[in-house]
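The values are calculated or read from the model by the stated rules, or taken from the named source; none is laboratory data. In this text the structure is predicted, and so the values were computed from the model without any measurement. We place every Cβ from the backbone using ideal geometry, glycine too, and count neighbours over all the protein chains shown.
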Amino acid sequence: MNKLFSPAIALMNRLDYTRKFMVLGLIYLVAITVVVYSLYANLNQVARTSQRQLEGLELIKPISSGVQFMQQHRGLSTGVLGGNEAMRNQCDTKEIETTTAFDAIERRLSTGLVLSEDWVRLKADWNSLQKGWSHWTVDENFSTHTDLIDRMLVFEVRVADDYALTFDSDVDAFYLIDTTINKLPLALERLGRIRAFGTGILTQKQISAYQQAEMIALIAELRHALKFLAINLEKTGQFNPGIQNPLLAATEDIVDSARQIVDLVQSDIITEHFVTSPEDFFKMATAAIDKGYRQMDQTLLPKTEALITERIQHTKNKLHVSIGIAVLLLLVVHYFLIGIYYAMIGSIQSLTRSARVFAGGDMRERINLDTRDELRQVGDSFNEMADGFNALLAARLEDKASETRLRSIIDASPVPMVLNDDQQNITFLNPAFIQTFGYTLEDIPTLTDWWAKASPDPEYREWMAATWQTTLETVLHDDSQFNPVELNIRCHSGSTKTVLANASSIKQSLGSVHLVVLYDINERKKAEQKVLEREARYRAVTYSANDAIITTNSAGNITGWNRGAETIFGYTETEVSGQPLTLLMPPRYRDPHLIGMKRVLSGGVSHINDKTIELAGLRKDGSEFPLELSLAKWEASEGWFVTGIIRDITERKQAEADLRIAAIAFETQEAMMITDTNQVILKVNQAFVRITGYSAEEAIGQTPALLKSGYQDAKFYQTMWESLVRDGYWQSEIWNRRKCGDVYPERITITAVTNAEGNVVNYVGTFDDISQHKKAEETIHDLVFYDSLTKLPNRRLLLERLKHSIEVERRDGKQLALMMLDLDRFKVINDSLGYLAGDELLQQVATRIATRLRKVDIVARLRKVDLLAHLGGDEFIMLLEDITHTEDAARVAEQVIAILSKPFYLSQGDEIHITASVGISLYPQHGDNPDTLISYADAALNKAKAEGRGCFAYYSEDLTLAARQRIALEARLRKAIEQQELRVFYQPQVDIVTGRIIGAEALVRWLDPIEGLIAPIHFIPLAEETGLILEIGAWVLRETCRQGRQWLDAGLPPLTLAVNVSAHQFRRSDIGALVTTVLNETGFPAEQLELEMTESGLMESQNKVMGLLNDLRSQGVRFAIDDFGTGYSSLAYLKHFPLDSLKIDKSFIDDIPHLQDDMEIAATIIAMGHMLGFKVLAEGVETVEQLAFLQDKGCDAYQGYLKSKPVPADEFVRLLLE
């Protein structure tokens, strides 16, 4: 502690008292200032935030009104577009009101929100809607209005966020704000959609299957929203009791009105009765919605404003009070600091004056201070010091005589005694001490020596010395009696004695002498030990027992009470000791008990020791409980006693009742089975027998695997057991098999049953057959998300999937394509052959596209289509996710157009020929939301039709042209392979020291009859995308080996021929088998074939490639890394592969000797390659300077235009012969 405060002590010791008090006052002033400022800043922030929330509420009001007007305009305009001109005037009025609301909102918005993209877009879209809604269809009008309202509600939440409304920490205000901004607007919007949708249907007096499904979905969404609204309003009322009753009434009113609208929709619209007029339906729905908005305006918003205003005022009051208290404390503290300062200075001056008189030798001077602090004690000490000096001389004479008398008395005592002084020196041992312990004064001249002799155990010796010293100091300090200390002393003979040590202090003028008396208590300790052992055994048996053990005397009063009794009855031993036993009994047992005890104690009953009875006991808290009682009568010197052993059997009684209840509950409608820890079935109920078909006798002794369907894999059951082990509980849906073999779905719950130690002893499984529930779910799902005619996904599912796909591609930085397909002149077929023929044709189209796309070869011709949807009529949509190239969509379009051009045969005998047009839009090139992509795909479809039908078109003209050119190039390339237009050219590889040609790299070229020689850069990427690289690569390998064999047969020197191997060949073909086959067919030596791979291709498939390379190496094939330095550039990985050489990429050679970085990179690759045992070849050497640099760095070989460009086989022979 002194170390902690040493800096402060050092500082204070350097200052006089005046400066000390000045420092303390300044520190306190700074501290109170910091506290006051922090409090002020915190409370002021709360007030500012609350004031901003009030501003936000004022802004929410016009936004809410704007949403209300837009909702009404949606319903009215839907009716007008449906043919009800009577609603047009109302619609025009709502249009003006909505525009006015937008202006009012903009006047109140902050500059940042007015200029935000969200607000600018909202206002622009409203202006666009005003101008164009009258030209739209009912569906377009509904969806555009709904999208705008949804974005307006999102904007409202954003405003609430900006004004800190959604982050309110007070729970009463939080639920008010959440209801106002989120829950109530959501419910009212769902009701508004039903109003608009229903008004349009009632106006047209007809409803399609799609509209029925849409209305059912809207009703489900409304019920969901009303449920959460009711929950939120209930919580709002709970935390705001002042408005609880109005809120409850309003909630019931809103829900009842909504239910009336739903009932009307279900009974009149969905059933196609159309009795209600659109005007009446619109009025009824509007009245229900207006109730919600009135609730918001008249109750929720005013109450929220009141709460926030009250918070602001409370914060201000708290701030004023806190600052006032802080200032008052500051003044009081400084007042008392000044008083303390002057009081201390006066006392110190008086002490100084008297000390100077003492120093002059005048012992008659005395100090009198009018104070009660430590300085008064200093003055009294000065006075005592003067008195002590006067008495010292007289005391010295008396001490000598006193000590002589004391020694003579001690010397004659038969009890061992010792004298020691304040310096721990032993000054005298009496003969009894020497005789008892065997030590003389020469053996133990000091207490330290005595402790060392008395105890050989260091820990006990340390405890003994510390205890003795502490006890002695306490006696000296408090002037109290010495409490005897029991010690174990080792004698000089080695034996140990237990003694009781006592001491007294004899004060002398120059200190104190301590007399120590040591009583031998060995025999007494032995007797005490026997008594303690008996008592310990008794208490161990009785006190720690869980049962209550109570003893009463002959008077019926409690004399014995253990911990079990305290636990069961709630009384401590102190509370019941001496109390009558009837204290623990219900009143009805007390009189019979007294009569029975009197008979027992008088000897009337001799067999009570064999009695065990069940009674009721009474706890301290007054509660009764069942107990089991056993009695024992015994006699002692004090008289007769009765001991009762009492056991609380509450849990046993409850368990018995639970078992009776469980037996009834076990036979429920849900199937139940109980297993042991080894999953062996112990018991099943009748519901189990009914659902599974297995009788109880057939199931018991089996495991639940009896019902296993095989639909769930091992991982499913592993997860189940992990959950059971972790949580003791698992619930899920699962497929099981009945005795008859039928597979059915069930909802199952498994619970682990544990014993008192927490170990699992049983598992209880309950399940129910949910087959009908599943069928209902599937029916509803199909109605909502699938077209009833073609069974393909409908617009709703398409929009959901497309929205999700856009989010995924945006996150991963990828692209997707949306393809809209339309059957050309479908209307002619429909009109001439009838709607049934048209429907059948659509079904066959859907089946043909779906079947063909599932069977297609993904690699070579067509990638997988991720979603095929039917929009209605003769329009289909295809979604392609994660496309690599924009022309992927064009290939799919070409294939689909081709398969649809084949004839269709209808059931009525007609042969139909159709063509299809496809419009394509791309994400992100053409749009970033579903509506935009669909709209642009539709526009592209119109382009395709305008170009003559039976073709495809992108939304962008340049993409259409590029895709068609790329597809044409692919067709030409396929034809080139078939007509053997490909050629192999050879570029020499030269030994850099000798200048001799030691090999060649085989490079493919395309000799087109029209365009001439085409470089690989123009067709190899396309070949890799389409899978043609496999066929081209195999041909180049075979042609190179054939040519190499021909040169050997012609007598040319052996050369190493290098062939490039694409990563696609490693992934998609058995390159090892191909190489082996080609070498066997051509007879070309494997040692002269070198396969070149890129770093990225090698590392991409390293697990698969390692074994393949080792197999080929065993045949003698050589391997090289092409374009080294442009891929992974990881020699640490490459050294694990069986490589022979590295080829430095041309990009590092081009700027030598002009670019120092490239020179260093090239030199490093050469050096490291040699260290790892690789040969190094440089590509693209074109100048003498480059060659000289490579020679200087020890490069092994090179190839490039300095020697020769790639040439045909006959020209290469001429180079070789030169």
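Based on what the data block shows, is residue 107 free of Cβ contacts under 8 Å to residues at least 60 places away in the same chain and under 30 Å from residue 206 (Cβ atoms)?
So residue 107 does not fit the description; no.
Take the residues of region 173-211 that are farther than 30 Å from residue 301 by Cβ and without any contact (Cβ under 8 Å) to a residue 60 or more places away in the chain: which is farthest from the chain's Cα centre (by Cα)?
Filtering region 173-211 down to residues farther than 30 Å from residue 301 by Cβ leaves 200-211.
In the following step, the residues that additionally are without any contact (Cβ under 8 Å) to a residue 60 or more places away in the chain were identified as 208, 211.
Values: 208: 46, 211: 41 Å.
Going through the qualifying residues, I end up with 208.
For region 925-966, how many residues are closer than 30 Å to residue 148 by Cα and part of a helix (DSSP H, G or I)?
Keep residues of region 925-966 that are closer than 30 Å to residue 148 by Cα, which gives 925-943, 954-956.
Filter again for part of a helix (DSSP H, G or I), leaving 930-943.
The number of residues fulfilling the criteria is 14.
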Taking residue 567, is it of a type in the set (Ser, Thr, Tyr) and at pLDDT 85 or above?
yes
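Given the condition within 15 Å of residue 872 (Cβ to Cβ), surrounded by 13 or more Cβ atoms within 10 Å (Cβ to Cβ) and not charged (D, E, K, R), answer yes or no: does some residue in region 804-820 qualify? Can you show your working first?
Looking only at region 804-820, we keep the residues that are within 15 Å of residue 872 (Cβ to Cβ), and these are 820.
If we keep only those that are surrounded by 13 or more Cβ atoms within 10 Å (Cβ to Cβ) too, we end up with 820.
Filter again for not charged (D, E, K, R), leaving 820.
Checked region 804-820: at least one residue is within 15 Å of residue 872 (Cβ to Cβ), surrounded by 13 or more Cβ atoms within 10 Å (Cβ to Cβ) and not charged (D, E, K, R).
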Filter pass, residue 1132 being at pLDDT 90 or above, among the aliphatic types (A, V, I, L, M) and either surrounded by fewer than 17 Cβ atoms within 10 Å (Cβ to Cβ) or touching a strand residue (DSSP E or B) at 6+ places or on another chain (Cβ under 8 Å) (or both):
no
Pair list, Cβ under 6 Å, 6 or more apart: region 770-797 residue outside the structural domain of residue 869 (by TED's automatic domain parsing), other residue among the basic types (Lys, Arg):
770/747; 785/796
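Every residue, every condition in (1) under 44 Å from the mean Cα position of the chain (by Cα); (2) under 28 Å from residue 204 (Cβ atoms); (3) loosely packed, with under 14 Cβ neighbours inside 10 Å, yes or no:
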residue	(1), (2), (3)
82	no, yes, no
94	no, yes, no
116	yes, no, no
120	yes, no, yes
132	no, yes, yes
154	yes, no, yes
I'd like to check something: does region 769-777 contain any residue that is modelled with pLDDT under 85, in contact with a Phe, Trp or Tyr (Cβ under 7 Å, 6 or more places away or on another chain) and part of a helix (DSSP H, G or I)?
yes
Members of region 42-101 found to be among the small types (Gly, Ala, Ser), farther than 20 Å from residue 190 by Cα and either touching a Lys or Arg at 6+ places or on another chain (Cβ under 7 Å) or not assigned by TED's automatic domain parsing to the domain that holds residue 154 (or both), listed by number:
47, 50
Could you go through region 243-251 and let me know if any residue there is in contact with a helix residue (DSSP H, G or I) (Cβ under 7 Å, 6 or more places away or on another chain), without any contact (Cβ under 8 Å) to a residue 12 or more places away in the chain and part of a helix (DSSP H, G or I).
yes
Would you tally the residues in region 1174-1188 being aliphatic (A, V, I, L, M) and surrounded by fewer than 20 Cβ atoms within 10 Å (Cβ to Cβ)?
2
Can you tell me which of (1) touching a residue at least 40 places away in the same chain (Cβ under 8 Å); (2) assigned to a helix (DSSP H, G or I); (3) loosely packed, with under 15 Cβ neighbours inside 10 Å is the one residue 66 doesn't meet?
(3)
So which residues in region 576-597 are under 16 Å from residue 620 (Cβ atoms) and either of a type in the set (Val, Ile, Thr) or assigned to a helix (DSSP H, G or I) (or both)?
576, 581, 582, 583, 584, 587
Within region 787-801, can you find the residues that are surrounded by 18 or more Cβ atoms within 10 Å (Cβ to Cβ) and not hydrophobic (A, V, I, L, M, F, W, C)?
787, 790, 793, 794, 795, 801
Residues satisfying the stated conditions in region 1032-1051, i.e. surrounded by fewer than 18 Cβ atoms within 10 Å (Cβ to Cβ) and acidic (Asp, Glu)
1049
Can you pull out every residue in region 876-918 that is more than 49 Å from the chain's Cα centre (by Cα), surrounded by fewer than 19 Cβ atoms within 10 Å (Cβ to Cβ) and part of a helix (DSSP H, G or I)?
898, 899
Inter-residue pairs, beta-carbon under 9 Å, first within 12 Å of residue 871 (Cβ to Cβ) and in region 805-825, second assigned to a helix (DSSP H, G or I) and basic (Lys, Arg), 6+ apart:
822/945
Within the group 530, 497, 507, 526, which residue is at pLDDT below 70 and more than 60 Å from the chain's Cα centre (by Cα)?
507
Residues being over 55 Å from the mean Cα position of the chain (by Cα), part of a helix (DSSP H, G or I) and either at pLDDT below 90 or at positive phi (or both): count how many of those fall in region 1031-1071.
0
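Of all residues being of a type in the set (Asp, Glu) and in contact (Cβ under 8 Å) with a residue 12 or more places away in the chain in region 296-329, which is nearest to residue 61 (Cα to Cα)? Just the residue, please.
Checked region 296-329; the qualifying residue nearest to residue 61 (Cα to Cα) is 297.
Whether any residue in region 1166-1184 is among the basic types (Lys, Arg), modelled with pLDDT of 90 or more and in the same structural domain as residue 1088 (by TED's automatic domain parsing) is what I want to check. Break it down stepwise before answering.
Of the residues in region 1166-1184, the ones among the basic types (Lys, Arg) are 1175.
Now drop any that are not modelled with pLDDT of 90 or more, which leaves 1175.
When the remaining residues are screened for being in the same structural domain as residue 1088 (by TED's automatic domain parsing), the result is 1175.
Within region 1166-1184 (the criterion being among the basic types (Lys, Arg), modelled with pLDDT of 90 or more and in the same structural domain as residue 1088 (by TED's automatic domain parsing)), the answer is yes, since at least one residue qualifies.
Here is a yes/no grid of residues against (1) out of contact with any helix residue (DSSP H, G or I) (no Cβ under 9 Å at 6 or more places or on another chain); (2) among the acidic types (Asp, Glu); (3) closer than 30 Å to residue 724 by Cβ:
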position: 755; (1), (2), (3): yes, no, yes
position: 758; (1), (2), (3): yes, no, yes
position: 765; (1), (2), (3): no, no, yes
position: 768; (1), (2), (3): no, yes, yes
position: 772; (1), (2), (3): yes, no, yes
position: 777; (1), (2), (3): yes, yes, yes
position: 784; (1), (2), (3): no, no, no
position: 788; (1), (2), (3): no, no, no
position: 798; (1), (2), (3): no, no, no
Restrict the check to region 1000-1008 and report whether at least one residue is surrounded by fewer than 19 Cβ atoms within 10 Å (Cβ to Cβ), touching a residue at least 24 places away in the same chain (Cβ under 8 Å) and not in a strand (DSSP E or B).
no
Being more than 19 Å from residue 1192 (Cβ to Cβ), modelled with pLDDT under 90, touching a strand residue (DSSP E or B) at 6+ places or on another chain (Cβ under 8 Å) and part of a strand (DSSP E or B), is that true of even one residue in region 1098-1118?
no
For region 254-290, which positions are surrounded by fewer than 16 Cβ atoms within 10 Å (Cβ to Cβ) and either aliphatic (A, V, I, L, M) or within 41 Å of the chain's Cα centre (by Cα) (or both)?
256, 259, 275, 287
